[in-house]
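Each value in this text was obtained by applying a stated rule to the coordinates, not by laboratory testing. This structure is a prediction, so every number in the text was calculated from the model and none was measured. In this analysis, Cβ positions are derived from the backbone assuming ideal geometry, glycine residues included, and neighbour counts consider all displayed protein chains.
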Amino acid sequence: MHLLVCGGTGCRASSSDAIVESLKSELAANGLENDVQVIMTGCFGFCEKGPIVKVLPDNTFYTQVKPEDAAEIVREHVVKGRKVARLLYTDPAKNEHVSDSKHMGFYRKQIRIALRNCGFINPENIDEYIARDGYQAIGKAITEMDPQQTIDIIKKSGLRGRGGGGFPTGLKWEIASKNKADQKYVVCNADEGDPGAFMDRSILEGDPHSVIEAMSICGYCIGASKGLVYIRAEYPLAIKRLKVAIDQAREYGLLGNNILGSNFSFDIELRYGAGAFVCGEETALIHSMEGLRGEPTVKPPFPAESGYLGKPTNVNNVETFANVPVIILKGADWYSSIGTEKSKGTKVFALAGKINNVGLIEVPMGITLREVIFEIGGGIKNGKKFKAVQTGGPSGGCLTEKHLDTPIDFDNLIAAGSMMGSGGMIVMDEDDCMVAVAKFYLDFTVEESCGKCSPCRIGNKRLYETLEKITKGEGTMEDLDRLRNLSQVIKDTALCGLGQTSPNPVLSTLDNFYHEYLAHVNDRKCPAGQCKSLMQYVIDPEACVGCTACARNCPVNAISGERKKPHEIDTAICIKCGACIEKCKFNAISIQ
Amino acid sequence: MSHIKVELKPEQIAKIQEICKSFKNDAGELINVLHKTQETFGYLPAEVQEVIAANLNISVAKVYGVVTFYSFFTMLPKGKHPISVCTGTACYVRGAEKVLDEFKRVLNIKVGETTPDGKFSLSCLRCVGACGLAPVVLIGEKVYGRVSPDGVKDIIKEYEE
Amino acid sequence: METVKLTIDNREIEVPKGTTIYKAAKSLGIDIPVLCYMDLHDLKVENKPAGCRICVVEVEGRRNLAPSCSTDCMNGMVVKTHTTRVINARRTVMELILSDHPKDCLTCPKSGHCELQDIAVRLGIREIPGQEFAEMSTYKKDFSPSIIRDVDKCIMCRRCETMCNDIQTVGALSAVNRGFMSVVAPAFEQDLEKSPCTFCGQCVAVCPTGALTEVDHTAKVIRALSDPTKTVLVQTAPAVRAALGEEFGLKPGTSVTGKMAAALRKIGFDFVFDTDFAADLTIMEEGTELLDRLTRHLNGDKSVRLPILTSCCPAWVNFFETNYNDMLDVPSSAKSPQQMFGAIAKSYFAEKLGKKRDELVVVSVMPCLAKKYECQRDEFKHDNNPDVDYSISTRELAHLIKSFNINFVDLADEDFDRPLGESTGAGVIFGATGGVIEAAVRTAYEVQTGKPLPKVDFTELRGMDGIRSATIDFNGLPINIGIAHGLGNARKLLDDVRAGKANYHAIEIMACPGGCIGGGGQPLHHGDSSIIKARMAAIYREDAGKTIRKSHENPYIKQLYEEFLGKPMSEKAHHLLHTHYFKKGNKDIFI
């Protein structure tokens, strides 16, 4: 029997470490420490219900486990064979317990390829990876195929880059392989900077060897003997697991000189990002690895011709790499049978926001947003109304009701005014103001713009300021016109992918939620009730009993009134912090 | 970037030299050197950057250009308990802004500042990957999930002796 | 050569592979506006960060617009340079740039020479939409003795950064910060004076806006001229006469020595003298020092270090005081011509006039911004009174002439005053790279060998290559000469010397590309290096036209030694005409 405990960042934050310890000591107390293994795995994906403990072989899936539950799990489930019902997932629709994750709405429609090992193996143990066919693919490539044949499989599989752009991976490898040089580099872009996305982190934390193996395969294909992983310094756990995995791979002769007795040699080093979103752009990433400011440069030359230290360099992101070993083993036809015509395979999304099942999911290309949000995601939190879903992070756009049945793939998302991006998917409900959401993303872009080109450096700032003006209720129709023109020019003229996509949140909300902009501009109202400047807090004298709770909690003393008499809010002083509403037990305060 | 003046002791200079040397005094390793140095000193005051520049044989201006480009690097010492509020999108839509406002109000500092007693500093970060727990706040290495503005005072209380 | 064929604005063209759209269009006579782009071809300087996005064009089949400055032509490309989409984009981007740019054109020193202004005019920008709520990025103003940084006006073209780092290897400037607040600045956004800046002024020379300008002393000069208690002397550096005419619409390379002297006299200077005289004096001192060191070296004196380095260039002096301060005994101790002039003017000439030194005001006109710093150095002051009071640039002189309403082009030639205005051809060529060492060789050869030169022109020492070397036969004694212009080249040469890899007896270094003719105070060449070449030709023409072409034959120099100094390197000469150097920076203690 195995007890798998989720060791993803979310679950660890909810003390999954302590759960492991408690389970171990409870097992020891029952003399079972040699019969039952407790394994900390990578992310199971169902973060909403974390920490997760899974029992093998019966596939029992315990949710929201606390360290103090360990005793019961061991006593009831391990010893007596009885499931702990209160820790099982409850299907909200049918209101009944589901013990096997396969039958849970969250997992039913998922196909796990990149995440195939996350939640199944101990990422710090190479033997567990090998037991699930790990390092078979590199072996197959080296012993049975030449580099071009290997590239051909990737080309034929239809795999496209998962970092955002969707460039065909096989073609990228082929270009790099054809450029002659004494030294070439394979770079893994693990500088996941999209706010609200943690796909790459979960893969590196849950299955680092798949990335290492894929990088060696890439090295074999393009003729590179050096690999570099550019990883966010803010990901200490992923860094640690990657380091452990690299050491183990070296020990097993799967990295280093003459891998598997062949004349192919490959090794991997880590480079750390330092908090710059633009470094997700490959030229910026390369400059950052060279010890410079992470400013992008004009392409061409592409990194495949002149990249790291001026040498041909192939850059792929974590998720792209994680797909590679399976494709080599199962074949191009298998992979391309999943997905849509031009977008093959699966995509990992970080599903978050106002949704019941926050988590990390992997779904086949072509699935609809409706399936993702309402079946996998379990619908909108607190029974609110769905309003929008944002994909592609700061480079993407907000899609609406009318896009819910659009099959998700690279091209459809672009046609809808958004993009795949790296896989952030944020769901919004009726309480979210779309002007404020656009402003939120622009705030991010303004902060993350490298400053090199004027449209991005100044243009995004001006977009932000205009949006701010609108959310303050000072916008004009001219501002809306200017937003659109400026957005289009920035897209048309910015130097790199960051700038070229930064106006997308503005354009997509202008397209899909123009009425909300109009409400801010013409009626000076925020329909979602989110824009502070456009709200007023009012006490209903009928409902107010004069308990003084609001006045006592007001941080700026804006509320006056005698005890047991209706109170009043001085709107000139009120900072609209909302403290009074939260304290009022009589629902006497409202926002107008 | 605002900064403070410090005087380096010979052993501190030696420590920086050692770090540079461990990266073969290679200018291409500047970012790794800065990471390691910040790990050691907690921050990167001007004088530290001068020593790094001299050892890697690059201009101080270039080092400063890199330090000010990356948000991870700081020229000001952080508080004893650095507070980071996640302002990633998932946390944003679940009310991170209000939580941040409450920290600002309770500590009476702005983002990027440290309380006068040096105990707390406040910063924002983008997505720690615990979106299931949104909104998320980090204090040091410890993660607080599903933080509400009401809970801010209690969290701070944990760190006040 | 491999070529590619493409269509630009419906015209077919074939260009060598690797040609940018901008250059291809230019060859068709299509003028695409550029802002950050700069190409100083002969100096091997190219700045194309593709950051301003003004030069964007439409390329068929491409999703977005392409920066023409940095997009190579490809076979079959169809380019449109002035479509409505392009014009709208350029205008909008320009409005953005201007929305973060101060609007004080009326008092901006760059007004009229500002590339940003030119493009705004060309694109017809009449208003900045949203200016009333647009935040501007603002920074501390930085006043150094030579250069003013008003980087509120910086548009991040990065030209200064390229010059300071790639060409000059000074490393005073870098792009700093990120996003909206990014700007080019010294480390810690401190003042230039606290940075390793040499004040060479090459950043100022290429800045398209008023972000980097010289400290303007014209107002102080006018005040001195209007003070009846002061006698105001002016000296003009050799490179000034080769470029000043450009400010008045004359062709680059027009020598305006006589008109300049006439203009200065019209402005009201009491004595119009020539730095060329002091250049001849420098040769006497520096040449003698060279021979002295050489002789002692050849006689086996181990305490003598060779090569001797020229020291007339104040930016170069700053550079070695910061970067080669383990070698401070290597440069010649001779002061620069500007400072020699000041020292002689306020001693020898003041005595002749019967005036006290503080009754004299010495103004220098220089192609250089570092000269402003140099004349303020403490060691060049006597009782807090500087040997040279104000140094103004060629550009400032042009402003002065214009403000006095002088019709410069039509002025009749006039001569300099005597005695400090008489010079030889050797003094003139100080203005071009290789000139100082050629002048020194002309004198040193005759003094050393006691024989007249077989030929005066040492063409082997001339040219535009960044690093040059030549061996001159001193009547059987081979003298190895090295020359570098541009501080990056100087660094290479000096690194070789420090490593013991080079075997030179004497090295000439000038900080600016091309020498003083390409100085940071010269009329702006806006990226056209043919202008620098034309100035160089003017210098050598002027030399060839002189009757006396060797410094030691200048009769007024001879008279100066006879009446006042004694002989070269005498105690008095040492006191007045030589200096010493200081260690700058503390880099060494960190390593």
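Numerical summary
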read-out	value
Candidates per trypsin sites (Lys or Arg not before Pro) in segment A:349-418, loop by DSSP, up to 15 other Cβ within 10 Å	A:K384, A:K385
Cα pair distances exceeding 19 angstrom across chain B, given as percent	58
Rounded tilt (10° steps) of C:487-498 against the dominant C-alpha axis of chain C	50
Estimated dipole of chain A in Debye, rounded to 20 [Cβ of Lys and Arg +1, of Asp and Glu -1, Cα centre]	520
Cross-link reach list, lysines versus C:K153, counting only Cα pairs under 19 Å and skipping chain neighbours closer than eight places	A:K452, A:K461, C:K103, C:K110, C:K140, C:K141
Neighbouring partner chain Cβ atoms per residue of A:51-60, average, 10 Å criterion	0
Chain B: angle of helix B:30-41 to the longest principal axis, Cα-based, in degrees nearest 10	70
³J(HN,Hα) computed for each position of segment A:547-564 - Karplus, 6.51 cos²θ - 1.76 cosθ + 1.60, integer Hz, glycine/proline x	6, 6, 4, 5, 4, 5, 9, 6, x, 10, 6, 8, 10, 10, x, 7, 4, 6
Residues A:W334, A:W173, sorted so that the one with the fewest Cβ neighbours within 10 Å comes first	A:W334, A:W173
P(r) of segment A:453-497 over all Cα-Cα pairs, binned every 10 Å from zero, in whole percent	30, 51, 18, 1
Chain A - Rg (one decimal) and Dmax (whole number), Cα, Å	26.3, 88
If the convex hull is drawn through the Cα atoms of segment A:536-591, its volume per residue in Å³	62
Inter-chain shielding of C:161-173 (mean C-beta neighbours from other protein chains, 10 Å cut-off)	2
Simple label model, 7 Å out from Cα along Cβ direction - A:R82 to C:E351, nm	11.8
Unit charges on C-beta of K, R, D, E only; dipole of the protein assembly as shown, Debye	1140
Protection proxy ranking of C:341-349, C:560-568 - average other beta-carbon atoms within 10 Å, highest first	C:341-349, C:560-568
For A:I539, C:I591, A:I175, order by how many other beta-carbon atoms lie within 10 Å, fewest first	C:I591, A:I175, A:I539
For A:R160, residues with placed amide H under 5 Å, excluding near neighbours	A:T169, A:K344
Inter-site label distance for C:N503 and B:V6 at 7 Å from Cα along Cβ, in nm	5.0
Dimensionless Rg ratio for segment A:9-100, taking C-alpha atoms and the 2.2 N^0.38 Å reference	1.04
Euclidean distance between Cα centres, segment C:226-285 to segment A:450-485, Å	53
Inter-label distance, nm, simple model (7 Å from Cα along the C-beta direction), A:N263/C:D588	5.3
Rounded if a/c under 1.5, otherwise prolate or oblate - segment A:288-401, Cα gyration tensor axes	oblate
Restraint check, C:K381/C:K584; A:K178/C:K26; A:K102/A:K439; A:K381/A:K402, Cα-Cα greater than 29 Å	A:K178/C:K26; A:K102/A:K439
Charge dipole magnitude, Cβ of K and R +1, D and E -1 - chain C, Cα centre, debye nearest 20	780
Cut-off under 5 Å, modelled amide H: who pairs with C:T83 long-range	C:E58
Long-range HN-HN contacts of A:T368 with modeled amide H, under 5 Å	A:I408
Top positive-direction residue, dipole computed over the protein assembly as shown with Cβ charges, set C:C200, C:A370, C:T162	C:T162
Farthest positive-ward along segment B:81-158 dipole, Cα basis, beta-carbon charges - from B:G151, B:I109, B:A96	B:A96
Column: log10 I(q)/I(0), Debye, Cα scatterers of the protein assembly as shown, q = 0.04, 0.08, 0.09 Å⁻¹	-0.30, -1.01, -1.19
For B:H35, C:H485, order by how many other beta-carbon atoms lie within 10 Å, fewest first	B:H35, C:H485
Approximate shape of segment A:126-335 as ellipsoid semi-axes (Cα gyration tensor, √5λ), whole Å, largest first	24, 20, 16
Extension reserve of the C:K5-C:D358 stretch, reckoned as 0.36 nm per residue once the Cα distance is removed	120.2 nm
Surface/4 of the Cα convex hull for chain C, nm²	29.9
Gain in span if fully extended, A:T90 to A:K243, counting 0.36 nm per residue against the direct Cα distance	51.3 nm
Extent along principal axes [Cα atoms of segment C:417-513; Å; largest to smallest]	43, 35, 20
Within the protein assembly as shown, percent of DSSP bridges classed antiparallel, to nearest 5	55
Angle in degrees between helix A:147-157 and the longest Cα principal axis of chain A, rounded to the nearest 10	40
For C:127-133, mean number of other protein chain Cβ atoms within 10 Å	4
Out-of-range pairs (alpha-carbon distance over 18 Å; input A:K472/A:K532; A:K240/B:K119; A:K140/A:K184)	A:K240/B:K119; A:K140/A:K184
Sequence-distant lysines (8 or more away, or on other chains) whose Cα lies within less than 18 Å of A:K24	A:K54, A:K66, A:K80
Packing-based ranking, highest mean first, of A:275-284, C:104-113 given that Cβ atoms within 10 Å are counted	A:275-284, C:104-113
Whole-Hz couplings from phi, Karplus 6.51/-1.76/1.60, listed for segment A:114-127; x for Gly and Pro	5, 9, 3, 9, 5, x, 10, 10, 7, x, 9, 10, 5, 4
